[in-house]
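The values are calculated or read from the model by the stated rules, or taken from the named source; none is laboratory data. Quick caveat: nothing in here was measured; it's all calculated off a predicted structure. Methodologically, a virtual Cβ is constructed for each residue, glycine included, from the backbone with ideal geometry; neighbour enumeration extends over all protein chains shown. For accessibility, only protein heavy atoms count, side chains too; no ligands or nucleic acids. Shrake-Rupley method; radii C 1.70, N 1.55, O 1.52, S 1.80 Å.
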Amino acid sequence: MSETLASETLTPELAAVREKTVVDNLDELLEILPPQLRDQLLRHPQKDRLVEVVLDLGRFPEARFPEGAEYLSETPVSREDLAYCAARVGDFGADNRAGIERTLHRIGAIRNRKGEVIGLTCRVGRAVFGTVGMIRDLVETGQSLLFLGRPDVGKTTALREVARVLADDLLKRVVIIDTSNEIAGDGDIPHPAIGRARRLQVARPELQHQVMIEAVENHMPEVIIIDEIGTELEALAARTIAERGVQLVGTAHGNQIENLIKNPTLSDLVGGIQSVTLGDDEARRRGSQKTVLERKAPPTFEIAVEMLERYRWVVHEDVANTVGLLLRQGQPNPQVRTLSEDGRVLIAPAFKDAPKQPASVTQQTWSHTSDRGWRSSGRMRPLPPVLDVPTTREDLRDPEVAFEQALATDVARPVGPNGEELPLHVYPYAVSRHYLEQVIDTLQLPVLLTKDLADADVVLALAGQLKGQSKLRHVARNHHVPIHVIKSNTMPQIVRALRRLLNQEQLDEPETVNLELFTKAGKNDEIEALEEARLAVEQIVLPKGQPVELLPRSAIVRKMQHELVEHYRLKSASFGEEPNRRLRIFPA
């Protein structure tokens, strides 16, 4: 995704369509500059697109525009020039920022070790009316809203417009926590751009969290606007405010939600991250390690907006679901909202071909919420009764195993060339999720893995772990979800099971082997070893009925060869001592 400012490619006519009203009070900013620089800018053809003026001691003064920077004079900036500007603005605060009363302009100072001003950044502040139209429906929901994005992408402008809409159009009690007077301008009277919203100024930046709590306790707001949440105390204060039922609208440092998840200071804004140790049964059910990352609490902000460009925003309408997917190595599919040339808001998914996500990855439930899929379609066809289930006399006398064998023959099949009943939703229990995903991706199978049994069409379970799991069997039976059992957690068993479930297995034809399924890293030596085993099986063991010994390989590669041999329903064993240990393949 491009990170170039959208305004850099906008024509003046297109910008006029997209931005209905712009108030910049540019003349008041130019008044603080030395006369020779002011006159130069007043005559400049691009003055209406001025971004900032940079004055550094001993260097040429610069004017910066979206297209680039240019010098305003060939005379270096002197101390007198800096003093002239500093005398015409408000007092500099602890954050070295000042402003011009009742404007949105911001002047930042650079000081030397003695505290003397040796540089100024005079940034143009503009109130743009109409930008909130891209997310107005989200603002009106009453849910807390977080803006993310790089500097100069328009986060503060969006905050200012959201405050005005909430206060004037939706008639809510809005309080702005204005730490650097950047939202409502400098001086005691706020800028008209915030409408009827009230503004609380902050004496020092480190006190912002205290003023946030003070706003809730003293002024009964319905909405609180916060710019630049950057410390752990501010994140905790935001959670406290949200828990009191107050809508929050704020910005935070970071381009995307992933940045907040990895930031221990601000991760609480999206619920906080904690390491959880799972029990043996739960780890097997998930097919994961015993130690996993999970969200610690509900997110402070229910909705997040990633401002990639001025007119291209990525919207996560359910932050809890997004964080859950990211922690499970999933791929969220948020909205992408753009503004067309005629001013219409265009909404589209970020990934058009993304598969349907499970109903919930943030909380798992045993309740069956809706009738869907093959079981409710009435077009279920029986499965050939060839199952990888133990068939000893003891197992046949077990009513639970007998039920699972009978029910597994009633799994639905895709009907018609258009695959109307696909994809198949599989709930894995104690089966390697990594192997399942590798098989599905490599063979391009129409299968989705779900972590919610209520959404499953079939349970794929490991036989050794299924015994004694009466709860799983009971719930599966109540929801008419068949349980398909495999003997071992190996690639051939998983491939065979999924193909059988999809009615793709042809027992009378040799199976085509995809060696990529059995390799771990796709290295040349792994592929070469697997190809050696395949040729040995197909050219000697199967047609001639003779055993074959392969070349010595490492333990990891031999394991891959064992799995490949098992795919052909043959036996194999390792012989010899390291480093000459090798595989021997036996005929059936």
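Before moving on, here are some points about what is shown:
- Distance between the stretch 268-330 and the stretch 423-453 - C-alpha centres, whole angstrom: 20
- Mean Cα-pair separation over length for the stretch 52-122, i.e. relative contact order, pairs under 8 Å, 6 or more apart, %: 28
- Cα shape, the stretch 130-349, gyration tensor, a/c 1.5 rule: oblate
- Length gained on full extension, Ala283 to Arg150, computed as 0.36 nm times the residue gap minus the Cα-Cα distance: 44.0 nm.
- Per-pair calculated FRET efficiency, R0 = 35 Å: Asp188 and Ala69 via Cβ, rounded to 0.05: 0.55
- Using a simple spin-label model with pseudo-atoms 7 Å out from Cα toward Cβ, Lys487 and Glu217 lie 7.0 nm apart.
- Heavy-atom accessible area per residue - the stretch 518-586, 1.4 Å, Å²: 55
- Centre-to-centre separation between the Cα atoms of the stretch 42-89 and those of the stretch 133-165: 31 Å.
- Relative contact order of the stretch 518-586, defined on C-alpha pairs under 8 angstrom at six or more residues apart (%): 34
- Net charge, Asp280 excluded, C-beta distance under 12 Å - Lys, Arg +1, Asp, Glu -1: +2
- Solvent-accessible surface of the stretch 113-191, averaged per residue with a 1.4 angstrom probe and all protein chains in place: 35 square angstrom.
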